[in-house]
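Report on the following structure.
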Amino acid sequence: MAEAFLFTIAARVLEQMATNVSEEIRTAYNVRNDFEKLEETMSRIQAVLLDAERQQHENESLRLCIWKVREIFYDAEDVIDDFKCKALRKQVVHDHNISKKVRALTSLSGHLSSLKLAWKLKGTNKRLNELTNEWDSFNLRQCEHKEKIARLLMKPSEDRNFPVVCIVGIGGLGKTTVAKLVYKDDRVICYFNVKIWVSVSGEEFYLP
């Protein structure tokens, strides 16, 4: 279950990026925009990782893409850890109990490592952004919508009536595809005793 493990890695990295230490790093090293970009992209990918797991056995291209994502997520985690170590090193520089010579050496090496880390973060973002085009081509967002709709259908209202869920949008967005994914979902099949699929065109179907 490599993808479930990958989901956990993504959650751990995102959690680290939400801490107070991470906020201090963003400000101190002028990498706020890069952090926010990484956080946004990772969150978007994480949202559909579990659905990707279910599909990857039938799609070799998706399986390979998931492995690429895994490598980049590992690198992102390393970058976050490096920045945390950098923050600790900065505390040493300002510790008056440390000798001036040690503080000077630490300060010099710290300046060089700051530039290196900033470029490493930008490089990780660049690789992840390039991969998102391939990732989005698998239409995994449809699975995310499927999950939301399935949960709504299997959660009756307080008066025990089943809800009517409307899927709206311009033509070509994949509304019918999402509806079919929900209709064929094993959980939905088990939950409802009777199901029926009705397909009508706009010219033949009219609600006053």
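The values are calculated or read from the model by the stated rules, or taken from the named source; none is laboratory data. Everything numeric in this text was worked out from a predicted model, so none of it was measured. Because the Cβ atoms are built from the backbone with ideal geometry, glycine has one as well, and the counts that use them run over all protein chains shown.
Things worth noting here:
- Taking the criterion of being charged (D, E, K, R) and farther than 20 Å from ARG127 by Cα, the residues of the range 44-91 that qualify are ASP51, GLU53, ARG54, GLU58, GLU60, LYS84, LYS86, ARG89, LYS90.
- Looking at GLN46, GLN56, just one residue is crowded, with 17+ Cβ neighbours inside 10 Å, within 30 Å of THR176 (Cα to Cα) and either over 14 Å from the mean Cα position of the chain (by Cα) or at pLDDT 90 or above (or both), and that residue is GLN56.
- In the range 28-43, residue surrounded by the fewest Cβ atoms within 10 Å (Cβ to Cβ) [restricted to those that are out of contact with any helix residue (DSSP H, G or I) (no Cβ under 7 Å at 6 or more places or on another chain) and of a type in the set (D, E, K, R)]: GLU40
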